[in-house]
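Peer 1: First the structure, which I've put down as structure tokens, then a few questions once you've had a look.
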Amino acid sequence: MNEATRVSMTATDTAMTDVHGAHRLRDRVAIVTGAASGIGRATAERLAGEGAKVACVDRDGDACAAAAERIRAERGPAIAVKCDLLDLTSIERAVQAAVDEWGGIDILCNIAGVGHFCHDLDESAPGWDQIIGVNLTGTFFMSQAALPHLLDGGGAIVNCASTSGTHGAPWQAAYSASKGGVIALTKSMAVSHGRDGIRVNCVAPGGVNTAIHGQFEIPEGDRFDHSLLARIMPFIRMGEPAELAAAFAYLASDDASYCNGITLRVDGGMMA
Ligand SMILES: NC(=O)c1ccc[n+]([C@@H]2O[C@H](COP(=O)([O-])OP(=O)(O)OC[C@H]3O[C@@H](n4cnc5c(N)ncnc54)[C@H](O)[C@@H]3O)[C@@H](O)[C@H]2O)c1
């Protein structure tokens, strides 16, 4: 076994054991969007494992219900709320559902996202609007809906950006713009609400093993060497959702009490 393989296996094994401070988030109420799948689901599980009551929010109602059911069976209180982030009424209802259940909100993790590869000449207005709508507009309006409750006692918002929002990536104008927007939105809200005891930060994942990659089909006529990316991955592997969930849990917790407006890159060093 070479050194790179040894490092890679060690990191995965550590994340999978789900080691964390016991009950760091005891009695906090958390909303997690994108909780039906991938990074959002792993984060909902992680927050529940640390003592939070979790509202799992996603447009995929069945998968969201299954995620909440698993949390209730294995970790603690959870509800599922079907919500389409492209619909403002749906967003308001999702936040209200958590407040109705537990009386307030302490943590909001905006993780739901969509994307695609598309040649710039072929991008359509609906394609652009959907990506910006879910990733950026959805993140802002979920935060706006949660703000009155967070203002009542402080709390943490943790958004999901991407290394595509910090570094150039081909065929992703809409996705990269949405994630760059999330980073800028995070900084603005962090400065606006810091004095109210609200911290706003974001996590920027690199490549993570989730279903979202099925949405990224390389466009015809592509001349970019995608294998280049694999060659600059120091761990020679993708990240696992649990490794991202650990970063969301950290920024949501009091351990990150002096972090505000930061973008925590979690990419195995790919963009180092
Ligand atoms: N996987 C990666 O390599 C990677 C890298 C960088 C950033 N990210 C970001 O991580 C986040 C989570 O993605 P993932 O990789 O876990 O993908 P995923 O596809 O497994 O999960 C995304 C979730 O978002 C939900 N969603 C999509 N549109 C929605 C809408 N309109 N309303 C409500 N929910 C909606 C989906 O139903 C799904 O459950 C996204 O913001 C994504 O952009 C992922």
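Peer 1: Working only within segment 251-272, note down all residues that are part of a helix (DSSP H, G or I) and either in contact with a Cys (Cβ under 6 Å, 6 or more places away or on another chain) or surrounded by 19 or more Cβ atoms within 10 Å (Cβ to Cβ) (or both).
Peer 2: Scanning segment 251-272 gives Leu251, Ala252.
Peer 1: Now for a separate question. Give segment 196-238 a look and list any residue that's surrounded by fewer than 18 Cβ atoms within 10 Å (Cβ to Cβ), within 15 Å of the ligand (Cβ to nearest atom) and among the polar types (S, T, N, Q), or say none.
Peer 2: Asn209, Gln215
Peer 1: Looking for something open to solvent by 70 Å² or more (accessible area, probe 1.4 Å), more than 13 Å from the ligand (Cβ to nearest atom) and not in a helix (DSSP H, G or I) - is there at least one such residue anywhere in segment 106-114?
Peer 2: No - not one qualifying residue is present in segment 106-114.
Peer 1: Please note which helices (runs of 4 or more DSSP H) are completely contained in segment 1-84 and include at least 3 residues that are modelled with pLDDT of 95 or more, within 16 Å of the ligand (Cβ to nearest atom) and farther than 16 Å from Asp106 by Cβ.
Peer 2: Numbers: elements: 3-16, 38-49, 61-74.
Correct list: 38-49, 61-74.
Peer 1: For a quick check of your reading of the model, give me the residue pairs whose first member lies in segment 100-128 and is free of Cβ contacts under 8 Å to residues at least 24 places away in the same chain, whose second is more than 14 Å from the ligand (Cβ to nearest atom), with beta-carbon atoms closer than 9 Å and at least 6 apart or on different chains.
Peer 2: Here the result reads Ser124/Cys118, each pair linking segment 100-128 to a residue that is more than 14 Å from the ligand (Cβ to nearest atom).
Peer 1: Out of (1) of a type in the set (D, E, K, R); (2) in a loop (DSSP other than H, G, I, E, B); (3) within 11 Å of the ligand (Cβ to nearest atom), the odd one out for Glu123 is which?
Peer 2: (3)
Peer 1: Please tell me if Val95 is farther than 27 Å from Gly268 by Cα, more than 11 Å from the ligand (Cβ to nearest atom), at pLDDT 95 or above and of a type outside the set (S, T, N, Q).
Peer 2: yes
Peer 1: Would you check if there is a residue in segment 170-185 being out of contact with any Cys (no Cβ under 7 Å at 6 or more places or on another chain), in contact (Cβ under 8 Å) with a residue 40 or more places away in the chain, away from the ligand (no atom under 11 Å from the Cβ) and open to solvent by 60 Å² or more (accessible area, probe 1.4 Å)?
Peer 2: Scanning segment 170-185, I find no residue that is out of contact with any Cys (no Cβ under 7 Å at 6 or more places or on another chain), in contact (Cβ under 8 Å) with a residue 40 or more places away in the chain, away from the ligand (no atom under 11 Å from the Cβ) and open to solvent by 60 Å² or more (accessible area, probe 1.4 Å), so the answer is no.
Peer 1: With the requirement that a residue be open to solvent by 20 Å² or more (accessible area, probe 1.4 Å) and either in a loop (DSSP other than H, G, I, E, B) or under 27 Å from Ser176 (Cβ atoms) (or both), what does segment 91-105 give you?
Peer 2: Gly103
Residue-by-condition table, conditions (1) assigned to a helix (DSSP H, G or I); (2) within 13 Å of the ligand (Cβ to nearest atom); (3) modelled with pLDDT under 95:
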{"position": "His119", "(1), (2), (3)": "no, no, yes"}
{"position": "Asp129", "(1), (2), (3)": "yes, yes, no"}
{"position": "Ala146", "(1), (2), (3)": "yes, no, no"}
{"position": "Ser188", "(1), (2), (3)": "yes, no, no"}
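Peer 1: Give Ala156, Ala190 a once-over and let me know the one that is open to solvent by less than 20 Å² (accessible area, probe 1.4 Å), farther than 24 Å from Arg41 by Cα, small (Gly, Ala, Ser) and touching a residue at least 60 places away in the same chain (Cβ under 8 Å).
Peer 2: Selected residue: Ala190, the only one of Ala156, Ala190 that is open to solvent by less than 20 Å² (accessible area, probe 1.4 Å), farther than 24 Å from Arg41 by Cα, small (Gly, Ala, Ser) and touching a residue at least 60 places away in the same chain (Cβ under 8 Å).
Peer 1: Within segment 70-98, work out how many residues are over 20 Å from Arg41 (Cβ atoms) and within 21 Å of the chain's Cα centre (by Cα).
Peer 2: Number satisfying all stated conditions: 6.
The values are calculated or read from the model by the stated rules, or taken from the named source; none is laboratory data. The structure presented is a predicted model; accordingly, all values stated were derived computationally and were not measured. As a convention, Cβ positions derive from the backbone with ideal geometry for all residues, glycine included, and neighbour counts pool all protein chains shown. Please note that ligands, DNA and RNA were not included when accessible areas were found on the heavy atoms of the full protein model with its side chains. Shrake-Rupley method; radii C 1.70, N 1.55, O 1.52, S 1.80 Å.
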